[in-house]
Amino acid sequence: MQFDYVIVGGGSAGCVLASRLTEDPAVTVCLLEAGGGGNSLLVRMPAAVVAMLPGKPFKLNNWAFETVAQTGLNGRKGYQPRGKALGGSSAINAMLYVRGQRQDYDSWADLGCDGWDWDSVLPFFKKSENHEGGGDDLRGGNGPLQVSNQKEPRQITRDFVEAAKQLQIRETQDFNRGDNEGVGLYQVTQFHDPAKNGERCSAAAAYLFPVLDRPNLTVITHAHANGLTFDGNRATGVTYKEKRKEQTVNAKREVLLSAGSLKSPQLLQLSGIGDPKDLEKHGIPVRHALLGVGKNLQDHVDFTLAYKTRDTDTFGIGLVGGIKLLGHLNRWRKTGASMASTCFAEGAAFLKTSPDLERPDVQLHFAIAMVDNHSRKLHYGYGFSCHVCKLRPESRGTVTLNSANPFDTPAIDPAFLTDPRDLDTMIKGTKLMREILQAPALEKYRKSEMFGTDSAKTDADWEQHIRARADTIYHPVGTCKMGIDDMAVVDPQLRVRGIEGLRVVDASIMPNLISGNTNAPTMMIAEKAADMIKAGV
């Protein structure tokens, strides 16, 4: 088989590329996805994420990776859920639409990534977005990705906002205008048109499913990419396994890697592109030495406080709530609203841990459920929780190979809390989060604290709690970073340095982690990449 472009990975970036490139009927595209179709009820119903995220007992639409043992987390292995279906992680995430801060992108440009400053990327955010309130100078109103206000946020979430306001934290109506300081409700990637109202709007639902009938688009699911093919220093195609059979698909123009921050570097390394020291230990011949492949891994380390409550208008395990949930499911099916439409992490806050800071350095996710170990540990009853993460971590990790077997998982080392500055910010952020949760507006909901943090008084106490329970909030980036320095893997046009006909287009190209959730920026990256590819750049 031969196509103009072969895309590896049908996630948030791959779906955008497949849709935009096939707008030209003269261009042929093949999209390879290791997972399934991404259109089941589990994906479409927002609240069903609770069945997919834990990865247990079944890996439903989820790679469900683990990290190597983390010295900063008392030697524990972390959990790394990643989407494995059309739509990728946008099929299993909390649907939160967050762009980050203006300074994030301006800092990319300062590193030599011309054309990636806020003013340059804003048009691609807008091009992607179909906002429920329509478009304006900063929001898009005509794009394929439907962005909505939450259908029916719980009263406890509104009281979380009130609790923060009682601490003189300003309320923010829109976190996506370049300055996200304040407290409020997240906007979500959720359908607002009547036909699919209340359903998850994954990247596949937005970009791919509406164009599957294009004759110039071929989508192959359950296709596990094994490596790249080459003619000299030019990438010519992809080998993959489908139904236990080895296949090869060829690209006349370019191969586009959109397998994500954990799988894209793995595929490069399996193909002989990377740090020779990483490749030689697994007997992989070095095709092209590129020291930065798999380096520069950054992720938001996250810590949670949780409380039990008598309020059954939250998610939990119990008879009263179970009966209510049946009603919610029926109402969602009919109207698109109800608790079944929740994103769970309904409440948002971007805060400064010191008034001297120029911009927020921590983010809160307020959830209408007791969250313990990524919902892999369940508790009887009802509750609420709140997460805090440091927005711009200093710690840097790696993604390397465990073996030369393409079906083996990569060795993921986020190096959480190895830089003491990250721990310092997490302690400050946790104390600030607890102040909000102890504010009068939430008093009526608090029954008991779950993890023994009520006794935490000193910074040493908080350090003990954080190292014992912290983990990812699911935002790995940076392992194929864009730039002009010796450790850059791709240039500002996302072309792999030293290899022709090969680009990386996903969150792995971020030189620095943005100040927020990464799904919306990943789709922006793909929109901009498609524009450059069409222009022949």
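Bear in mind that the values in this text are calculations on the coordinates, not laboratory data. Quick caveat: nothing in here was measured; it's all calculated off a predicted structure. Neighbour counts run over all protein chains shown; Cβ positions are idealised from the backbone, glycine included.
Scanning the chain for chymotrypsin sites (Phe, Trp or Tyr not before Pro) lying in DSSP loops with no more than 10 further Cβ atoms inside 10 Å, the longest uninterrupted stretch between such sites is 1-379.
Roughly what % of DSSP beta bridges within the chain run antiparallel, to the nearest 5? Can you show the working numbers first?
Working: 60 of 86 bridges.
About 70 percent, rounded to the nearest 5.
In the chain, Cα pairs under 8 Å separated by at least six residues give a relative contact order of 22 percent. Within the chain, helices built from complete DSSP H runs that reach 20 Å or longer along their own axis (Cα positions) and carry a mean Kyte-Doolittle hydropathy of 0.0 or higher are 519-534.
Our compactness index for segment 438-537, the C-alpha radius of gyration over the empirical 2.2 N^0.38 Å, is 1.69.
Using only alpha carbon pairs under 8 Å that are at least six residues apart, calculate the relative contact order of segment 299-448 and give it in whole percent.
Relative contact order here is 30 percent.
So between E394 and K431, what do we pick up on full extension, going 0.36 nm a residue minus the alpha carbon distance?
On the way: separation 37, 0.36 × 37 = 13.32 nm, distance 2.02 nm.
Stretched fully, the E394-K431 segment lengthens by 11.3 nm.
Considering the zone a paramagnetic label at L357 would reach in this model (a point 7 Å from Cα along the Cα-to-Cβ line), which residues of segment 401-439 have amide N under 17 Å from it? The answer is 417, 419-437, whose backbone nitrogens lie closer than 17 Å to the label point. Per the Debye formula with a single identical scatterer at each Cα and no solvent contribution, what log10 I(q)/I(0) holds for segment 55-120 at q = 0.12, 0.15, 0.21 Å⁻¹? Calculated log10 I(q)/I(0) at the listed q: -0.57, -0.78, -0.86.
With the simple model of a label 7 Å out from the Cα in the direction of the Cβ, D136 to R310 spans 4.3 nm.
Distance between the C-alpha centres of segment 236-291 and segment 67-110: 22 Å, rounded to the whole angstrom.
For segment 140-152, putting each phi into the Karplus relation 6.51 cos²θ - 1.76 cosθ + 1.60 with θ = phi - 60° gives couplings of x, x, 10, x, x, 8, 7, 10, 10, 6, 4, 5, 7 Hz, in residue order, rounded to whole numbers and with x for Gly and Pro. Close amide-amide hydrogen proximity is noted between R82 and W63, A64, F65, each under 5 Å apart and 5 or more residues distant or on a separate chain (H modeled in the peptide plane; Pro and chain starts excluded). In the chain, the DSSP-assigned H stretches of four residues or longer account for a calculated mean residue ellipticity at 222 nm of -7000 deg cm²/dmol, using -39500 (n - 2.57) per stretch and the full residue count as denominator.
How long are the semi-axes of the equivalent ellipsoid of the chain, taking √(5λ) for every eigenvalue λ of the Cα gyration tensor, in whole Å from largest down?
Details: eigenvalues 262, 133, 97 Å².
Each semi-axis is the square root of five times an eigenvalue, giving 36, 26, 22 Å.
Extension gain, D485 to Q247, is 82.1 nm, computed as 0.36 nm per intervening residue step minus the present C-alpha separation. Among the trypsin sites (Lys or Arg not before Pro) in segment 242-350, those placed in a DSSP loop whose Cβ has at most 16 other Cβ atoms within 10 Å are K243, R244, K281, R310.
Charge dipole (Cα centre; +1 on Lys/Arg Cβ, -1 on Asp/Glu Cβ; no other charges) of segment 458-523 amounts to roughly 260 debye. Taking amide H as placed 1.01 Å from N in the peptide plane, the amide H of L31 sits under 5 Å from that of I7, T218, V219, I220, each at least 5 places away or on another chain. For A348, the residues whose amide H sits under 5 Å from its own are G184, L185, Y186, F366, ignoring neighbours fewer than 5 places away on the same chain, with H placed 1.01 Å from N. Computing Rg and the Kirkwood Rh from the Cα coordinates of segment 371-522 gives a ratio, Rg/Rh, of 1.06.
Under the 0.36 nm per residue contour assumption, what length would be gained going from the current alpha-carbon distance of L329 and V50 to full extension? Spell out each step's value before the answer.
Details: separation 279, 0.36 × 279 = 100.44 nm, distance 1.43 nm.
Between L329 and V50, full extension yields 99.0 nm more.
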